[in-house]
Amino acid sequence: MTAISLSAIEKNFGATRVLDGIDLDVSDGEFLTLVGPSGCGKSTLLRILAGLEAPSSGRVSIGGREVTEVRPADRNLAMVFQSYALYPHLTVAQNMMTPLKLRDLTFAQRLPFLGPLAAREAHGSILEQVRDTARILKIDHLLDRKPGQLSGGQRQRAALGRAMVRKPAAFLMDEPLSNLDAALRIHMRSELAELHRSLKTTFVYVTHDQAEALTMSDRMAVMMDGRILQLGAPDEIYSNPQDIRVAEFIGAPKINLLPGSLDKAGHARCGDMELARVAEDGIVGCVTIGLRPEHLAVCDKGAPGSLTGRVVHKENLGADIYLHVSVLEGAHRLVVRVSPVEGSAISLGQTCHFRRLHGQAMVFGKDGKRLGLAQPSTEVAEVA
Amino acid sequence: MAASRAHWWFVGPALILMGLILLLPILIAAALSFTSYSLGNPGAEFVGLDNYEKIFTRSTYEKMFGATFRYVFVVVPLSVGLGLGAALLINSTKRFGDFYKTIYFLPVMAALIAMAIVWEFALHPTIGIVNATLEHGCGSFLETWGLYAHGCDRGFPLWLTDRDYAIWTVAFIGVWQGFGFNMVLYLAGLTSVPRELYHAAEMDGARTAWDRFRLVTWPMLGPTTVFVVTISFIRSFQVFDTVEAFYPQGGGPSKSVYVMMFAIYEKAIQQNLMGIGAAITVVFLGFVMFLTVIQRWLVERRVHYS
């Protein structure tokens, strides 16, 4: 079932087009991530979905109900902001009570002093809901503190609590982890994913961090220049990017891109290296060959189709070592992932040889679009 | 370890200046308030608490406190409320915001003594524009309002010279003159309210403007409000120019506008009774100190967020 549907969303700020015809369907209970570099329009899209920003054209519907003209308060969504946007004068408990009070109590019941006396039961049940949510998030001991007395991680939990305490149709999160330190961010990644699994509610998550998108989402939409370039499961996006910009943005270290050319037979080549698979469309000319660092391996000198280069930098991450190798007379740099055992034998400045793992290279045309490659049917002998 | 004396060189100049130009005069005033000193007299007689006794028993000073508190408790709430209202309205308009800001701020920039003369003409019972305008309304639907009909029958009030109206008229001019300043302070406070809090409030279901005001604007303006209220209190305790301009001889009709600052001036300067003038000054200082302490307490207790 479709929980959220955005169709033909466009947004202009003056003459600047920020969103350019976005179509996106989010299914019920899905964790969808909008990922892209800053300025790609992902936050604007989320704010349009929340209703905090009006689209220039296009329609938004939530749970089958058209809400383009509906104000944010009536869309039944909860949002976690990058700055958390907790009310600084209220305690954590009062912060978490606010959405319940504003929605469930009448104006008279919300009056200070008189309200709690007159509607003791309603206030009691709200307090109970807040306590339950706080227990899930392990912030029940912080309920009496004010946001100013909390650490970044605790504030983030309080903001999550304020969103969770009500049962919204979907959670919207605008870079909620970007203000945390690195270790906590990685910890919260798994915690958020677990929370999503236990709540079974739709999450729409905006981030510029491709690692967050890859680790948490069911599906991710890579956005650039106001368009969704590719939408799919994280492993699909990583291993099968349809656009050179997607390939470059997703994956750390970045994918290696080498200039190459396509010959008449459809073989892409770069220097001595020639891909066995052939392009299907019969295009001839300049292409870009993309190879991820893990698709390269060190080999002996003179192995067929190998590349040779000088090691200019070595990054030791413990479990892996990334070698930065200058190839093609220093015109290009490749990053190669090697195991610590292999890597320890290689020193800076040394010349080394490596080959690609067959069937992994990606070829992108001049327009940046992925070119389909297929096993050559005629030359059976040369198995790729 | 030998104690260095360098710290005296750092704090010394400030201490000396503060002592010379602030503390010493206060101490002298406090000392004078126990005497019957007059300028020009070679010596002074020690009279103990006589001066203070006069302040708290004589009817003149009762009128002084009455006028002062009437003025303060009208001007402070109204100028703070109107300042906040004007700031919120200006903040919400997209156009003409600067235009309105200028209009409301003009009375603050104008010299109050000059404005007092203008008001004196405007409120003149026979040639003043205020009563002339009110008379134009006679015979229209406004007469259904009892008070207005009464004014049409018997003549409109002599705003500045009727003892039932004088202090309120002076207070009105105080509000008119003062709220523009509060508005500017509130406008500055409003710019520091994070936009995201309003978005969060909207997502939390704050549908009405009142909800947003209660949940975000008013609490976030807390520090501004404390400052604005304190400043307004001190400024309205200090009111002098209008009173001096309207009633150079003795504090209005039956001393109904005999505010503290004017009393100090009249006693100490006009009548050369330095002792009693100093005593009123000390009482005045007490009020201001009290307000400042409350302000500090509020700032530290209630509105300190981070």
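The values are calculated or read from the model by the stated rules, or taken from the named source; none is laboratory data. It should be emphasised that the depicted structure is a prediction, and the values quoted were computed from it without experimental measurement. Positions of Cβ are generated from backbone atoms using ideal geometry, with glycine treated the same way; all protein chains shown enter the neighbour counts.
Some observations on this one:
- Residue match in the stretch B:54-75 (condition: touching a Gly at 6+ places or on another chain (Cβ under 6 Å), within 17 Å of residue B:267 (Cβ to Cβ) and modelled with pLDDT under 90): no
- Within the stretch B:239-254, residues that are closer than 13 Å to residue B:120 by Cβ reach partners that are modelled with pLDDT under 85 and in a loop (DSSP other than H, G, I, E, B) with beta carbons closer than 6 Å, at six or more positions or on different chains, in the pairs B:246/B:160.
- Strands (runs of 3 or more DSSP E) fully within the stretch A:201-309 counting 1 or more residues that are within 16 Å of the chain's Cα centre (by Cα) and more than 15 Å from residue A:360 (Cα to Cα): A:202-207, A:219-224, A:227-232
- Scan the stretch B:175-201 for residues that are touching a Leu at 6+ places or on another chain (Cβ under 7 Å) and within 12 Å of chain A (Cβ to nearest Cβ) and the total you get is 2.
- Of all residues in the stretch A:36-78, those that are more than 14 Å from every other protein chain (Cβ to nearest Cβ), touching a residue at least 12 places away in the same chain (Cβ under 8 Å) and not basic (Lys, Arg) total 15.
- Condition met for residue B:167 (more than 14 Å from chain A (Cβ to nearest Cβ), at negative phi and buried (at least 20 other Cβ atoms within 10 Å of the Cβ)): yes
- Yes/no for residue B:214 being within 14 Å of another protein chain (Cβ to nearest Cβ) and surrounded by 15 or more Cβ atoms within 10 Å (Cβ to Cβ): yes
- Evaluation of residue A:89 against (1) more than 9 Å from chain B (Cβ to nearest Cβ); (2) over 27 Å from the mean Cα position of the chain (by Cα) (one fails), failing number: (1)
- Condition check for residue A:308: farther than 13 Å from residue A:353 by Cα and either assigned by TED's automatic domain parsing to the domain that holds residue A:362 or in contact with a Ser or Thr (Cβ under 6 Å, 6 or more places away or on another chain) (or both): no
- In a residue-by-residue description of the stretch B:182-189, the property of being in a helix (DSSP H, G or I), aromatic (Phe, Trp, Tyr), at pLDDT 90 or above and crowded, with 17+ Cβ neighbours inside 10 Å applies to at least one position.
- Within the stretch A:105-129, the set of residues being at the interface with another protein chain (Cβ under 9 Å from one of its Cβ atoms) and either surrounded by fewer than 17 Cβ atoms within 10 Å (Cβ to Cβ) or within 30 Å of residue A:61 (Cα to Cα) (or both) comprises just one member, A:107.
- Filter pass, residue B:176 being touching a residue at least 24 places away in the same chain (Cβ under 8 Å), touching a helix residue (DSSP H, G or I) at 6+ places or on another chain (Cβ under 7 Å) and not in a helix (DSSP H, G or I): no
- Check on residue B:135, assigned to a helix (DSSP H, G or I) and surrounded by 14 or more Cβ atoms within 10 Å (Cβ to Cβ): no
- Taken over the stretch A:5-61, the criterion of being more than 19 Å from residue A:224 (Cβ to Cβ) and aliphatic (A, V, I, L, M) is satisfied by A:15, A:26, A:50, A:52, A:54, A:60.
- Qualifying residue in the stretch A:55-63 (condition: modelled with pLDDT under 90 and under 27 Å from the mean Cα position of the chain (by Cα)): yes
- Being at pLDDT 90 or above, closer than 17 Å to residue A:163 by Cβ and touching a strand residue (DSSP E or B) at 6+ places or on another chain (Cβ under 8 Å) holds for only one residue in A:85, A:50, A:93, and it is A:50.
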